[in-house]
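A short write-up of the structure that comes next.
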Amino acid sequence: QVQLVESGGGLVQAGGSLKLSCAASGSIRSFNVMAWYRQVPGKEREMVATISLADVRNFHDSVKDRFSIWRDDFRNMLYLQMNTLKPEDTAIYYCNGDRFGNEHWGQGTQVTVSS
């Protein structure tokens with residue numbers, strides 16, 4: 001079982017930037033898709049960005065022009081660069097690895113954007 005551990009969250013002012021990292025205990029090439037999700041208390045977890053083994057990327061419409069996702073298969077890392085942060089980006093951010101429907105999750109990292 002590959003473990004995923006997120007880091008990089010914190011408190012930032014609106015307009016600022018954060019870079020989230022996700023470290024995998026094994027090869028991330030075992031996941032056909034990796035992703036970042038986020039969740040606000042009382043709401044469903046939502047997809048923020050995904051990246052496939054072929055480096056095809058998808059983004060939630062609300063972050064499309066502000067966030068970027070990439071993977072480092074050599075270091076078994078997944079990243080999310082978040083720019084021009086808004087208060088509505090405040091959430092717990094989770095790293096996800098999908099192996100043909102078998103999903104792996106990290107414990108989450110809190111991102112708080114102050115206005």
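The values are calculated or read from the model by the stated rules, or taken from the named source; none is laboratory data. Keep in mind the model is a prediction, meaning the values are calculated, not measured. Cβ atoms come from the backbone with ideal geometry, glycine included; neighbour counts cover every protein chain shown. Ligands, DNA and RNA are excluded from the accessible area calculation, which covers all protein heavy atoms including side chains. Shrake-Rupley method; radii C 1.70, N 1.55, O 1.52, S 1.80 Å.
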Region 12-28, residues that are of a type in the set (A, V, I, L, M) and either touching an Asp or Glu at 6+ places or on another chain (Cβ under 7 Å) or under 18 Å from residue 63 (Cα atoms) (or both): 12, 14, 18, 20, 28
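Count, please, the residues in region 31-57 that happen to be of a type in the set (Ser, Thr, Tyr) and open to solvent by 40 Å² or more (accessible area, probe 1.4 Å).
Residues of region 31-57 of a type in the set (Ser, Thr, Tyr): 37, 50, 52.
Those still in the list that are open to solvent by 40 Å² or more (accessible area, probe 1.4 Å) too: 37.
Here the count works out to 1.
Quick check on this structure: which one of 74, 100 is at positive phi and not basic (Lys, Arg)? Reasoning before the result, please.
Numbers: 74 fails: at positive phi.
Going through 74, 100 in turn, the sole match is 100.
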Selected residue (criterion: farthest from the chain's Cα centre (by Cα)) from residues of region 1-13 that are at pLDDT 95 or above and either of a type in the set (Ser, Thr, Tyr) or open to solvent by 50 Å² or more (accessible area, probe 1.4 Å) (or both): 13
Selection count where residues are part of a strand (DSSP E or B) and either among the hydroxyl-bearing types (Ser, Thr, Tyr) or open to solvent by less than 50 Å² (accessible area, probe 1.4 Å) (or both), scope region 68-86: 10
